[in-house]
Amino acid sequence: MSRYNPKEVEPKWRAAWEKADAFRTRDDPSRPKYYVLEMFPYPSGKIHIGHVRNYAMGDVVARYKRARGYNVLHPMGWDAFGLPAENAAMQTGRHPRDWTLANIEAMRTQLKQMGLSIDWSREFATCEPGYYRHQQKLFLDFWKAGFVERRESYVNWDPVDMTVLANEQVIDGRGWRSGAPVERRKLAQWFFRITDKAEDLLAALDDGRLDGWPENVRTMQRNWIGKSKGLRMTFPFAPETTAPEGFDGVEVYTTRPDTLFGASFVAVAPDHPLAARFAASDPALADFVAECQRTGTSEEAIEKAEKKGKALPVRVAHPLMEGRTLPVFVANFILMGYGAGAIFGCPAHDQRDLDFARKYGLEVTPVVLPPGEDPKTFRIETEAYTGPGTIFNSDFLNGLSVEDAIEAAVAKIEKMGLGEGATVWRLRDWGVSRQRYWGCPIPAIHCEKCGVVPVPEKDLPVELPEVDAKEFETPGNPLERAADWLNVPCPDCGGPARRETDTMDTFVDSAWYFARFAAAREDAPVDKAKADYWLPVDQYIGGVEHAILHLLYARWFTRAMKETGHLSKVEEPFARLFTQGMVTHAAYKDLHGQWVAQEDVREPTPDEKARFEREIVPLWKAGRYVDFPGLFQLPAENEELRATLKTKFGVDGFIGAASGPFHAEPENWLCTEVNRVIGQLPSGVIPVAVFPNEKMSKSKKNVVSPESIAETYGADAARWFMLSDSPPERDVEWTDAGVAGAWRLVNRIWDIVEPAAGALKAHDFSKPPQTDDSIELRRLTHRAIAGVTEDIEHFRFNKAIARIYEFLNGLKKAPPAKRADGAPANGPRAEAYAQAEALSVLARLIAPFTPHLAEECWAHLGGEGFVCDAPWPEADPALLAQETVALGVQVNGKRRAEIVVPADADRQAVEAAALADEAVRRHVEGKTVRKIVVVPGRVVNIVAN
RNA sequence: GCGGACGUGGCGGAACUGGUAGACGCAACGGACUUAAAAUCCGUUGGGCGAAAGCCCGUGUGGGUUCGAGUCCCACCGCCCGCACCA
């Protein structure tokens, strides 16, 4: 028997596919198309196993659809612009382009080793002028169409490095390199007016256009777009207040006008004009505003900050409560970009307002009475009530429901001429400006005389200038220092002008790449006719982390491209979406909190374990510190400590060190056992903490490279393992044992197929034998077809794989051929037929998962052509029917017996069979049967007492 | 803080619309083969009690609805993702 050798077999088939150009896609309007796309990778350096999972999923779908007769498009490219390339340039002195292109080279090679059915002829990288020139054309067309706008907005400014920081470069409010507190700074920037399309972007989530999307992603997008109906109204200044010049009150926006009578303050954003007006003459207020400005620009940072405010020297009048006036605060949790940049606070019914009111001793008047509460005793303590109820303490709104009160309050304010009902969106316009080199240049020129003018189309592309790699060591944007590139004559007047130095957000690159893959043209972003054939993407696959921004931007781009004539038919870019989970892997930390590579970690020897138990544990149990070379141990073993440890460090079983940063809090240490160590006893052994499920990253030193896996087990085993076990949408933990199991499977399949060389040639599969011979095996085969097909269709690859295992287990145990009536088979022909059929089906069912092995099996069995071109097997319904079913029998809801009945047994027969069962009789003895519930094909429940 | 998911044996997970909890894989243990090991094959494996038949407990925690709850409802705990300049 020949042993299966993936090192020979896998490259052989990849070469054969390539030679035959097996995966090149041709436009063929006569066949139904299927466009499978996985989110293209950022070329970070190496493919990691998470990529393998992502692309293996897409490949299963692509190969399956191909087998089903579709004209499949499955392209690949590179999301090649972005920050990491510039960071690498700073650290290594390598030019971002060189770094990126080298990474692409390396990753392409690795990706190709995975045996993906990709049409590589369509590959591109977004950093190529051949791609971004079209993006600049789109930008110009969008600009012409009014979708582009320049306006001021805030960035994170590092005052020491004098540079703009990305949110991820702001750590605890400080610049990651300089450590200086970050400031918010206003810059003129480019925006895409995506809010103009908010209504349609929202509507499509629910009107059927996105039925192929998971509900959770649609919900997230809905919330993100955040349409809310409310009231925009003005609080006039109180009579005793001298209104500042130019202000005739404070305009606020609220979604809860029903709570107007519970208002106890008004608050404005730190960057609200009113705040600026008073800060100009009040240093303390100016300080407070500046302090708020020091919080980063991210919504998360603002929301998490402690609620703080400062009173302004004005009061406003409550328009509905005669004589009542409210204080006006500047508060750090009000966002200028949302609504009116100002709110009225109703502490009883909003948690943030309540926290704020308690801090500043403001009134808390409940106005919504929860059902069943007594208005006399109902109090708000530390928790705001945001649920439904009846309005009280509210004059003309009393007795109304929340909904009705909202309507009534809006009507009243409108009648008083103080405001009007308004719809506001949480969605903001898309700021696309980045003050960086490594991105698509924005095709604009700033002229002293003509202002901002577009680069004429004939001058596209605006290519990135050559810049010395050393330039990246200086903070700031190298484009601003590239004088030759920067200074150009104005295209309108010919006078002196400067190029725009902002480049585009990399989300722009990925907002239309799917269209380019499908319909690239030399002289235009997309070929409309081809796009009409291929779009939308039928199945899009990627991480949930992109559930909002990337997908929303691509949806907007599709609309904008349609309106500017670049696309015609497509409504939504991605018809079906699947969001897959991450791949995690164990990571290790030493006692100084430094990540340790797995290669450096080992299990302790029995000696080391014994010594630890002998010398350390008794001392620890005696309640003493242990000062062991390099180690100490903790006095107590208790659940509380363990829990603390778990929450604080996320580890199970850990050992403290006598030195290092963690020493400060020895009460947080607990030893359970030594799982993993580095170094050697007697003096140098150092236990390490095990974090079993960490997202793979270079910094954690827990990245698993598919190369080494493919080296040992082959690409098929790696693909198989990545798809088995965990459901695709969930995170999966990479374990070495897991791949080893997959490797065993590869061999098991080969061991079954190997003895059957040429088996497919001996049978005519269009003519199954008309006998009952080997019916069991044929049933097994057809159940496997039905199950695997169903599971692939529903993206349950882990279950599809489990079914293949079941098929395989059954195939090995396949009983000697028998007729259904139990008589011996009447000849070897039918048996051989069933065997050959089973193997033929097996080769085709595994083809999407382990394509190399499948080709090898197919060729060995004598199949025609490639298995990747073979049609998907069809299950024969007649062979799927069950003759008998096993039903669980419950007595009062507890399972007591199992009965086997004919599949078509009627209710009486099932009841009789259940009651006749001996175990059942024992349990109902002495009781009266009150009711028998029969769920056909499932269960029988006898209720007796 | 806000929004969205998730929580089932030693581990990854399965369980369709509320109907036999633990499919399938991993690990572990026992056995076969072998001078031996690896590989392979066969078997056992949620916990407890029991010689066995069988009984009791069991899907993060506490409550509820139901003939019946992993699944539905309420509250809580834990963990993961996103929060607009990471991609």
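Summary table below
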| quantity | calculated |
| --- | --- |
| Accessible area in the full protein assembly, largest first, 1.4 Å probe, for A:121, A:153 | A:121, A:153 |
| Long-range HN-HN contacts of residue A:497 with modeled amide H, under 5 Å | A:488, A:490 |
| Accessible surface, per residue, of segment A:884-944 when the full set of protein chains is kept, probe 1.4 Å, Å² | 62 Å² |
| Loop GluC sites (Glu not before Pro), segment A:299-399, which have at most 11 other Cβ atoms in a 10 Å radius of their Cβ (DSSP) | A:306, A:322, A:381, A:383 |
| Heavy-atom SASA rank of A:874, A:10 (probe 1.4 Å, accessible area, largest first) | A:874, A:10 |
| Net length gained if the chain between residue A:380 and residue A:401 were fully extended (0.36 nm per residue, minus Cα distance) | 5.7 nm |
| HN-Hα J in Hz across segment A:33-47 - Karplus 6.51, -1.76, 1.60, θ = phi - 60°, x for Gly and Pro | 9, 9, 9, 9, 9, 9, 3, 6, x, 7, x, 7, x, 9, 5 |
| Flagged links, alpha-carbon separation over 18 Å, of A:799/A:894; A:186/A:229; A:761/A:812; A:310/A:359; A:144/A:458; A:19/A:761 | A:799/A:894; A:186/A:229; A:761/A:812; A:19/A:761 |
| Most positive-pole-ward Cα, A:154, A:138, A:90, against dipole of segment A:82-174 from beta carbon charges | A:138 |
| Charged-residue dipole, Cβ positions (Lys, Arg, Asp, Glu), segment A:253-346 about Cα centre, Debye nearest 20 | 200 debye |
| Per residue, in Å², the accessible surface of segment A:227-425 once ligands and nucleic acids are set aside, probe 1.4 Å | 46 Å² |
| Loop chymotrypsin sites (Phe, Trp or Tyr not before Pro), segment A:413-493, which have at most 14 other Cβ atoms in a 10 Å radius of their Cβ (DSSP) | none |
| Whole-Hz couplings from phi, Karplus 6.51/-1.76/1.60, listed for segment A:564-578; x for Gly and Pro | 9, x, 8, 10, 10, 8, 4, 9, 10, x, 10, 5, 10, 10, 10 |
| Segment A:448-459 - phi-based ³J(HN,Hα) in whole Hz, Karplus 6.51/-1.76/1.60, Gly and Pro as x | 4, 8, 8, x, 8, 10, x, 5, x, 4, 5, 8 |
| Given charges at beta-carbon only (K, R positive; D, E negative), |dipole| of segment A:183-339 in Debye | 140 debye |
| Residue A:365 accessible area, 1.4 Å probe, all protein chains in place, Å² to nearest 10 | 40 Å² |
| Long-range HN-HN contacts of residue A:430 with modeled amide H, under 5 Å | A:192, A:194, A:195 |
| Amide H partners (placed H, <5 Å) of residue A:462, local residues excluded | none |
| Simple spin-label estimate for residue A:470 and residue A:530 in nanometres, 7 Å along Cα-Cβ | 4.4 nm |
| Rh by Kirkwood over Cα pairs, then Stokes-Einstein D for segment A:884-944 at 1.567 mPa s and 4 °C, µm²/s | 116 µm²/s |
| Debye intensity ratio I(q)/I(0), log10, segment A:227-425, q values 0.09, 0.11, 0.14 Å⁻¹ (C-alpha model) | -0.32, -0.49, -0.80 |
| Hits among aspartates and glutamates - C-alpha to C-alpha of residue A:528 under 17 Å, sequence gap 8 or more where chains match | A:27, A:28, A:141, A:563, A:571, A:572 |
| Accessible heavy-atom area order of A:206, A:505, A:764, highest first, probe of 1.4 Å | A:206, A:764, A:505 |
| Computed E for residue A:168/residue A:900 - FRET, C-beta separation, R0 51 angstrom, nearest 0.05 | 0.25 |
| Within segment A:252-270: backbone nitrogen closer than 14 Å to the residue A:373 label point (7 Å, Cα to C-beta) | A:259, A:262 |
| Segment residue A:481-residue A:22, extension gain: residue separation times 0.36 nm, minus the distance between their alpha carbons | 160.4 nm |
| Length added when fully stretched, residue A:428-residue A:223, from 0.36 nm per residue minus Cα-Cα | 72.5 nm |
| Within straight-line cross-link reach of residue A:931, aspartates and glutamates at Cα separation under 20 Å, skipping those fewer than 8 residues along the same chain | A:898, A:906, A:911, A:917, A:918 |
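The values are calculated or read from the model by the stated rules, or taken from the named source; none is laboratory data. Note that the structure is a prediction, hence the values are computed from the model and not measured. Cβ atoms come from the backbone with ideal geometry, glycine included; neighbour counts cover every protein chain shown. With ligands, DNA and RNA removed, areas are computed over all heavy atoms of the protein, side chains included. Shrake-Rupley method; radii C 1.70, N 1.55, O 1.52, S 1.80 Å.
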